[in-house]
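Read-outs: derived from the displayed coordinates by stated rules, not from any lab. Because the structure is predicted, anything quoted here is derived from the model rather than measured. No Cβ is skipped: glycine too gets one built from the backbone with ideal geometry, and neighbour counts run over all protein chains shown.
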Amino acid sequence: MNLDINLNAEVNEKGSNKKLDFFSTGYKDLIYICMRLSLIDSLFEEEKPFIILDDPFTNLDEEKVKNAMNLIKTKAEEYQIIYFVCHESRV
């Protein structure tokens with residue numbers, strides 16, 4: 001993934017850079033959450049802020065939700081995460 005100075009992202013897909021409009025809403029959500037987590041890692045090298053997530057995976061299918069939850073569990077080892085959901089499938 002490439003970011004410009006305005007945080008506009010392009011993803012290298014099979015050797016070609018694609019703007020985010022190319023991807024589904026679910027993939028965009030995944031890209032945005034990864035961008036935010038990377039930004040937190042970059043900005044807070046010594047301090048560890050808490051992270052609030054308000055149902056960020058509403059547009060993901062079951063498999064992607066499972067993988068995204070694994071990412072959140074991994075990040076929860078390093079950060080305090082407050083995770084709000086509105087549906088039991090995302091717990």
Legend entry - Antiparallel DSSP beta bridges within segment 2-90, percent to nearest 5: 60
Inset, instruction - Would you calculate, for the chain, the mean residue ellipticity at 222 nm contributed by helices, counting each DSSP H stretch of 4 or more residues as -39,500 (n - 2.57) and dividing by all residues, to the nearest 500? - result: -12500 deg cm²/dmol
Legend entry - Burial ranking of peptide ranges 4-12, 53-61, 68-76 (average Cβ count within 10 Å, highest at the top): 53-61, 68-76, 4-12
Inset, instruction - Would you mind computing, in nm to one decimal, how far apart the modelled labels at Glu63 and Glu78 are, each placed 7 Å from Cα along Cα→Cβ? - result: 2.7
Inset, instruction - Please state, as a whole number in µm²/s, the translational diffusion coefficient that the Stokes-Einstein equation yields for the chain at 10 °C and 1.306 mPa s, with Rh defined as the Kirkwood radius across alpha carbon pairs. - result: 110
Legend entry - Label-point gap, in nm, between Asn70 and Ile5 - each point 7 angstrom along Cα→Cβ: 3.9
Legend entry - Order by protection proxy (mean Cβ within 10 Å, highest first), peptides 30-36, 15-21: 30-36, 15-21
Legend entry - Reachable lysines from Lys73, criterion Cα separation under 17 angstrom, eight or more residues apart if same chain: Lys48, Lys64
